[in-house]
Amino acid sequence: MSCLPYFLYFKIIFLVILSRASCELLPCCASVLLPLFSHFSFVPLTPRILSLTPDFSTFTLTLKWSDNGSAFPYGLDASWEIEILRKETMEDVTRESYNSKLTHEDIIHSWNWKSDMPLECTSHYVRIRHYINITQFDGHKDWSDWSPVEPSGSGLFPQDTVVAVGSNVTFCCVHEEGRQVQRMSYGAKDYPLIRLSSRSSAIRVLNANASDASGTNIVCRMSENGMDGTVLFVGYGPDVPEDLSCETSNFVIIKCTWKPGRASGLYGVRGTKYSLIESISGKNVSCEVNEMKKERICGFPVLADQKTYSFVLGVSNPIGQTEASLLVDLNQRVNPETPEKLTVSGNSSTSVRLHWFINGSFAEIRLLCQIEISSGHSEQKLHNVSMPGGKFSTYTAQLNALHPYTKYRFRVRCSAADHFWRWSDWSGTEEHTTLEAPPARGPDIWRERSPSGKSLRIFWKVDRKLKMSVWSLMDFFVVFVADNVKTDRAVAMGNGIYISWNSYPNMTCGYIVKWCHSSGSEPCSVDWQKFPSNTTDAVIKSALFRPGVRYNFSLYGCKSSGYQLLKNITGYTKELPPKRAPNFTVEETSSDSILVKWEDMPIEDCQGFLEGYRLSFAKGEKDALKPRLLESGNPELKVKNITDLTKKSLKILDLQGKTSYQLDLQAYTAGGLSPPNSLYVVTKEDSVGLIIAILIPVAVVVLLGVVASIFCYRKREWIKETFYPEIPNPENSKALQFQKNICEGNKSLKTLEMNPCTPNSVEVVETQSAAPKIEDTEMMSSKTDTIVPEDGSDSETENHVVVSYCPPIIEEEISNPPMDEPVGLSQVVYIDIQSMYQPQIKPEEESEIDLVTTAGYKPQMQLPVSALKIESRSPAEEESDKTAGYRPQANTNAWNMDTPDSPGSVESNNENASFGSPCSINSRQFLLPPKDDEDSPKPSNTGWSFTHFFQNKPND
Amino acid sequence: CALRARDSWGIFAFLCAALCNLPAVPALNGTEELGAGQSIQKTYDLTRYLEHQLRTLAGTYLNYLGPPFNEPDFNPPRLARAEQVPSATVDLDLWRGLTDNARLAANYRAYSRLLCYLRGLDGQVGTVELRHRLGHFCSSLQGLVLSIAGVMSSLGYPLPAGPAGPPAPPGAPAAPNDFLKKMDDFWLLKELQTWLWRSAKDFNRLKKKVPPAVVTLRMEARGF
């Protein structure tokens, strides 16, 4: 077959036939012919696909074919063109080329193609053709036959794959013929279907997110309740392990730790796997790691005779793999196991031996161990011991210079001595008490003779470490007590008390300060302190000192003949406010003073050197709800400060009589004020003042009375002449003074005096008995009633009425009664008035207005309203109102115009109509016959009023 | 079935008679008298507790399986593989027609096998918390199996032989893919739920049947 004739083309078609023999000579002819061949195109043989193998798991097709190279000269370039298509869609998926050299041998070529969708999804077909030397060969070049890959079976593909986050994945649902894919979902979301063939559909998921622990479900739902599914695991490739570190704690196992970095999002069999490879020895171990822990640990056995280890930590998961490496010298990475079985032994008062065990083989290194020593009295101390290591052995260390009879606590930790890496954990703590030792010196003693001098009291300081016994009192002991021993006050200093004294030259063997631990009397708990003779001051400190407690110190000087009491000192470590205030009582009270007395306070209550008392007082009842005097910020609060401690009473002066006072007494020290003690005192009544306060006014009144009586008696004639003359002087008569100030706005004297006024208009009206519609409104009726005779003498004549006219009132349109304007009396002006109101008046009413205006005197201000309302009057009412006769000009309605809704209510009170406008008052006083208008209102009017009263009542 | 029922009643009557005659024996104590009734009550209580426990467990587990398994209307076709899980979908009339013994035995067998599958779940679960809860549920279910055995023995029924004892199938054959495994899990939980629901009914009925007899026995015993 390899010797089949073939054709050569050289521009013009040109045939060369090579025999089989010439083929064998090819190497030699090739060198000759090759340059020549390069200018030729060979007619390629139709290639034949040897095999087409699908790898479903990797979506890969592997194509194999032979190049038939034996049939061609050596070294020809061969190009292969491969075409792949998916059958049902007849979609040309790809057409790719592949180049090779022909080597005069039949070579089988293999070519892989990775599909972007599972191969199960649909059938794939592959064919191939080739060119020799030239790709633009336009001669005859045949394709091979299609080679198919026909998947079988149905389901959802790919099955159980793992991909990296962000990948694009195509899923296809392959089903039986005749079924229909209804929908396909990825996770909870449906994706648009891509139809691949009659029995397969696909969805394409782009940029897949990390899946949940159990993977993301892809479900294909088909007709007839068919369902298929698969699970996709989307995660991350492993991170490069960080902080890889290896150490040994016992030279048996090397423990390597690292941080895994980002979680892969894959679990179980797909989770990240670690293996530790030691490249020097070539050993490797796979690591069982706990996925839940942040830090991973893997153990590697220590190899004999190997000190340097080169570790490579391989990390892999289905998505990828990575590694980290570390080179360690094991001797420099020793973190010994925690020491255990710590014991302490010793039969000395100052030294002990410690023993402990370390579970490890440290024979080749030295260990450095640290012993922590702590006792109740002193601070912790660390003691380092270096020692050769052993194989699983016990280590011993000796500690010296300990205190006798002291309880110590020990614990140990170790590390490598030469190359420190890390301390082990501390061992458990072990306690040990050192043995007792003989005392280094005798006890500190003090002796006191009893007051009677017959017995001697011996004190010594207790040292619990020492056992004591009194054998005998050998030394001679004398205490001299001078008569004039003075007492000083000591100064608090820090938590002690500062005491100083003068230097006494004859005190040769020092000083002793002695004190009691209670301020009470004997027997007390005595303590003392010795000082050398060159000392002149000291700060006495004791854990037993308490603030607010007075301590008495005695300073003794020591001389050869005995001790001498030099002085007494009292002091506090800290002064506190007194516990309470002194008890105090009110000794006596008067109307303006209170005498207060108080008692001495016991020293225990003072809690400091008493500096004085503070008495505060203010007016105040005994009321539990009221704030305390001192807290209230009372402005009347007065405070008296008593610094003279010998004073035990105080008189408070300048108080008010019969007043309750609250008194608060406080004592104070440098530490502050005590809580107050309160008293309530009521001062006595000031009787003298009261009597005087009553007597003086009475006396003054009596005196005035007497003086007045005398005066009246003496001037009785004059008085009678002045106030009650037999014949009254007309000039003195008030009744004739109405002409005065009539136009000056004097309210009390508004009469109808014309002269001083400038008349605006004067209206002379003839009263017509047939003015039927006047009493329409209250205003109207009042107008008709206000018939004012010009001279004021004849109130009964209704024929002529002179009306004063006050222009401002008109301008105000009825809103206000004529209060201030003087009533002018002048010519008739109804033309003006009418013209003024004409626009508001209906033509039919004009005649009636005339009637109204002629009805008698009326305040002009009311005209328009009355004109408007005339019509609504019933004749009966008009009649009755006509007979009503005189009414005060001041219309009650007029000043009630603000409330136009309630005319009747005002009208009903026509007895009171005289109140209000000064004009009306005037007219009543002077123009009406007495009693006529007030006492006998016309009955008809009253009736009208009542109806209105009832009508308007609801409006109120 | 009828024969068996008669048998069981016979045994029961025999037991009753025996107990009636026993009061003279001073060693007899109250707890033994109450054995059957009490253990049925306890089994009933345990079943209800497991029902409750399964509700929360199933919720969590189905969420772990992810959509669509946790969708309320998810109702997949029951694949052939799932048939390995003992199905509780027996016709109710048929089920009621069985004798107490047969029903108890069926319960016992079913729970033994369900337990076996459930333990298979345990190892695969990715999250520790869920593994914990599954473990807890397994021990409760183990308790139920023992409890049913107790009821059966107290009523004098023999324990079903063979598959009931130590689980005969050594775990289910591994599912061919992860999705089918999830389907198996889904069906397992579903069947468990149905079984527990039906068992609760069974024990309730049994409880009503048994205790009165025991009470009368006790009264008679006191009468002596």
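Heavy atoms only, probe 1.4 Å: what % of the accessible area of the range A:265-411 goes to carbon and sulfur, would you let me know? Let's see the in-between values first.
On the way: 3580 of 7730 Å².
Carbon and sulfur: 46 percent of the exposed surface of the range A:265-411.
Roughly speaking, to the nearest percent, how much of the range A:530-573's 1.4 Å accessible area is carbon and sulfur? Mind showing how you got there, number by number?
On the way: 880 of 1800 Å².
Solvent-exposed carbon and sulfur of the range A:530-573 make up 49 percent of the total.
Which of the residues in the range B:182-208 lose at least 50 Å² of accessible area when you go from the chain alone to all protein chains together (probe 1.4 Å)?
Buried on complex formation: B:K182.
What nm value, rounded to one decimal, do you get for the distance between A:S167 and A:V702 when each label is placed 7 Å out toward the C-beta?
Going from the A:S167 label point to the A:V702 one covers 12.9 nm.
Just want to confirm a number: the relative contact order over the range A:133-280, from Cα pairs under 8 angstrom separated by 6+ residues, in percent. Walk me through the numbers before you get to the answer.
Values: 257 pairs, mean separation 30.3, N = 148.
Computed value for the range A:133-280: 20 percent relative contact order.
Cβ under 13 Å from A:E604's Cβ, A:E604 left aside: what net charge do those residues give with Lys, Arg +1 and Asp, Glu -1? Working shown, then result.
Working: positive: A:R546, A:R550, A:K579, A:R580; negative: A:D600, A:D605.
That works out to +2.
So, for the range A:207-251, what is the accessible surface per residue at a probe of 1.4 Å, expressed in square angstrom? Please list the in-between numbers first.
Numbers: 1450 Å² over 45 residues.
Accessible area per residue: 32 Å².
As a test of the definition: with a 1.4 Å probe, what buried accessible area, both sides summed, do you compute for B against A, in Å² to the nearest 100? Mind dumping the intermediate values first?
Details: alone 11840 and 52030 Å², together 62400 Å².
It comes to approximately 1500 Å² buried between B and A.
What is the sum of charges around A:W501, taking Lys and Arg as +1, Asp and Glu as -1, for the other residues whose C-beta is under 12 Å from the C-beta of A:W501? Display every interim value, and only then the final one.
Values: positive: A:K486, A:K567; negative: A:D488, A:D537.
Once positives and negatives cancel, what remains is 0.
Let me check against my output: what whole-number percent is the relative contact order of the range A:524-667, with C-alpha pairs under 8 Å and at least 6 apart?
Working: 224 pairs, mean separation 34.8, N = 144.
Normalised by residue count, the contact order of the range A:524-667 is 24 percent.
Just to be sure I understand the interface: list residues from the range A:217-236 that lose 50 Å² or more of accessible area between the chain on its own and the complete protein assembly, 1.4 Å probe.
Residues of the range A:217-236 that lose at least 50 Å² of accessible area once the other chains are added: A:N217, A:M227.
Does any residue of the range A:265-307 lose at least 40 Å² of accessible area with all protein chains in place compared with its chain alone, and if so which ones (probe 1.4 Å)?
A:M292
Compute the separation of the alpha-carbon centres of the range A:634-689 and the range A:278-328 and state it in Å as a whole number.
91
Explain nothing, just the number: relative contact order of the range A:242-326, from Cα pairs under 8 Å at least 6 residues apart, as a whole percent.
Numbers: 148 pairs, mean separation 26.8, N = 85.
Answer for the range A:242-326 is 32 percent.
The values are calculated or read from the model by the stated rules, or taken from the named source; none is laboratory data. Predicted, not measured: the structure shown is a model, and the values here were computed from it. Every residue, glycine as well, gets a Cβ built from its backbone with ideal geometry; the counts of neighbours run over all protein chains shown. We work out accessible area using only protein heavy atoms, side chains counted, and drop any ligands, DNA or RNA first. Shrake-Rupley method; radii C 1.70, N 1.55, O 1.52, S 1.80 Å.
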